[in-house]
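S.K.: For reference, the structure I am asking about is given below.
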Amino acid sequence: MDQKGAPGDLSHLREEYHRFAAKRYLFLAGCGILILILIGIATTLGSADLTIGEVYAAIIARFFPSVVESTPLASTIVWEYRLHRIFFAIAAGFGLGIAGAVMQGVLRNPLASPFTLGISAAASFGASIVIVFGIGGFANDIAIIIAAFVFTLLATFGIYSLSRVRGISPESMILAGIILMYLFSAMTSFLQYIGTVDQLQEVVFWTFGSLQRTSWGKLALVSLVVGLCIPFIMLRSWDLNAMGQGDQVAKSMGVDVSRTRTRLMLIASLVTAIIICFTGVIGFIGLVAPHITRLAIGGDNRFLLPASGLVGGALLLTADSLARTVLAPAIIPVGIMTSFIGIPFFLYLFLRKREGYW
């Protein structure tokens, strides 16, 4: 009886797996379609009114001018002023979303993110040094970008070094991140205290986060780094799944837990660094996007990681679109808008969710 029933059981398991995978592929496709729709809507927003048809015509005409015609005005507005900002929002949101999912998976903590682990605070301190002391023979914007990037990497190595004192574990890395977050936040506050009114305003504006200084060149650099890091992260998705069951289980399955944890944290921090050095501090995307995705499709990192990136891209693009329109012609810093979006969601989680994540 057992032997006869075995093929049926396997067939049932295969059907369950196919349903499981189909749901997740459908979610990924839905996120992709949503982003395409948001691109059209976001590109119409601004001082010059464009219809969605004019937007897509301007985009298609750039590659297939013989197929679709577009007016010079629409092409200039779309390609020179709006589209690079929109694509940058998607790329930045994708990177922050997948970085947050990696950090939460590696540390087995739903509150882990580049913001809560002090990485963003380190970038703020680096930018504040340049703003307050005017360091650097480069143009000020370039010096700020370099300083924010360097201090973000320093914070990452600081987390790694401090956690090694107690042994590389989720608890030690979280504690090290909290220590560095308070340290860099305190030093940034001190620089704000001794700075002039103009310097204080610039520091505060940078810490709010903004996409106003994007360009095609910056977009290309961010896309290149994120694109190179994602394959390595995806190759470790099975290791993340094993680590989600606990370090001992992962070790019994052949996963080098300490090395995997360290490498993935470094890669996630690098992705975060290359984004926030251009945008300033953008909180909640790396925290909220993995939560939304996990609630929708579960915790299988083969699907969770790319889906978190897509959700992050959609969230940041939506937040930036709202930031450009709520108080138009004034533009609200996108970091403020992401907080407005993130706080109600976490209140919903606090009131509703009861079960654990791992």
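The values are calculated or read from the model by the stated rules, or taken from the named source; none is laboratory data. As the structure is a computational prediction, the values presented were derived from the model and not from experiment. Note: ideal-geometry Cβ built from the backbone for every residue, glycine included; neighbour counts use all protein chains shown.
S.K.: Would you mind finding the one in ALA176, ALA122, ALA101, ALA112 that is out of contact with any strand residue (DSSP E or B) (no Cβ under 9 Å at 6 or more places or on another chain) and farther than 26 Å from GLY246 by Cα?
M.R.: On the way: ALA176 fails: farther than 26 Å from GLY246 by Cα; ALA101 fails: farther than 26 Å from GLY246 by Cα; ALA112 fails: farther than 26 Å from GLY246 by Cα.
None of the other options fit; the residue is ALA122.
S.K.: Could you look through the stretch 35-64, keep only residues that are assigned to a loop (DSSP other than H, G, I, E, B) and of a type in the set (Gly, Ala, Ser), and pick out the one that is surrounded by the most Cβ atoms within 10 Å (Cβ to Cβ)? It would help to see each step written out before you state the result.
M.R.: Residues of the stretch 35-64 that are assigned to a loop (DSSP other than H, G, I, E, B), as a first pass: 45-51, 64.
Those left that are additionally of a type in the set (Gly, Ala, Ser): 46-48.
On the way: GLY46: 16, SER47: 9, ALA48: 12.
Result: GLY46.
S.K.: Which ones in the stretch 12-34 are among the hydrophobic types (A, V, I, L, M, F, W, C) and surrounded by fewer than 13 Cβ atoms within 10 Å (Cβ to Cβ)?
M.R.: Of all residues in the stretch 12-34, those among the hydrophobic types (A, V, I, L, M, F, W, C) come to 13, 20-22, 26-29, 31, 33-34.
Hits for the stretch 12-34 are LEU13, ALA22, LEU26, ALA29, ILE33.
S.K.: Would it be correct to say that PHE205 is assigned to a helix (DSSP H, G or I), modelled with pLDDT of 90 or more and aromatic (Phe, Trp, Tyr)? Break it down into steps so the answer makes sense when it comes.
M.R.: Details: assigned to a helix (DSSP H, G or I): yes; modelled with pLDDT of 90 or more: no; aromatic (Phe, Trp, Tyr): yes.
Here the answer is no, as PHE205 does not meet what is asked.
S.K.: Suppose we filter the stretch 196-208 for residues that are crowded, with 17+ Cβ neighbours inside 10 Å and in contact (Cβ under 8 Å) with a residue 40 or more places away in the chain; how many remain? Before the answer, list the steps.
M.R.: Just the residues of the stretch 196-208 that are crowded, with 17+ Cβ neighbours inside 10 Å, to begin with: 199-200, 202-203, 206-208.
Narrowing the set further to residues that are in contact (Cβ under 8 Å) with a residue 40 or more places away in the chain leaves 199, 202-203, 206-208.
Residues in the stretch 196-208 being crowded, with 17+ Cβ neighbours inside 10 Å and in contact (Cβ under 8 Å) with a residue 40 or more places away in the chain: 6 in total.
S.K.: Right, next: When you scan the stretch 113-133, do you find a residue that is within 23 Å of SER339 (Cα to Cα), surrounded by fewer than 22 Cβ atoms within 10 Å (Cβ to Cβ) and modelled with pLDDT of 85 or more, even just one?
M.R.: So far as the stretch 113-133 goes, no, none of its residues is within 23 Å of SER339 (Cα to Cα), surrounded by fewer than 22 Cβ atoms within 10 Å (Cβ to Cβ) and modelled with pLDDT of 85 or more.
S.K.: Something else now. Quick one: ALA148 ticks every box in (1) over 22 Å from PHE284 (Cβ atoms); (2) touching a helix residue (DSSP H, G or I) at 6+ places or on another chain (Cβ under 6 Å) except a single one, so which number is it?
M.R.: (1)
S.K.: Could you tell me how many of the residues in the stretch 11-44 are polar (S, T, N, Q) and closer than 14 Å to TYR56 by Cα?
M.R.: Here is the first cut: in the stretch 11-44, the ones polar (S, T, N, Q) are 11, 43-44.
If we keep only those that are closer than 14 Å to TYR56 by Cα as well, we get 43-44.
Summing the residues that are polar (S, T, N, Q) and closer than 14 Å to TYR56 by Cα in the stretch 11-44 gives 2.
S.K.: Could I ask something else about it? Select the helices (runs of 4 or more DSSP H) contained entirely in the stretch 209-313, then report the ones holding at least 1 residues which are surrounded by fewer than 17 Cβ atoms within 10 Å (Cβ to Cβ), at pLDDT 90 or above and touching a Cys at 6+ places or on another chain (Cβ under 9 Å). Step through it out loud before you land on a result.
M.R.: Values: elements: 216-235, 237-243, 247-252, 257-279, 285-297.
So the answer is none; nothing clears 1.
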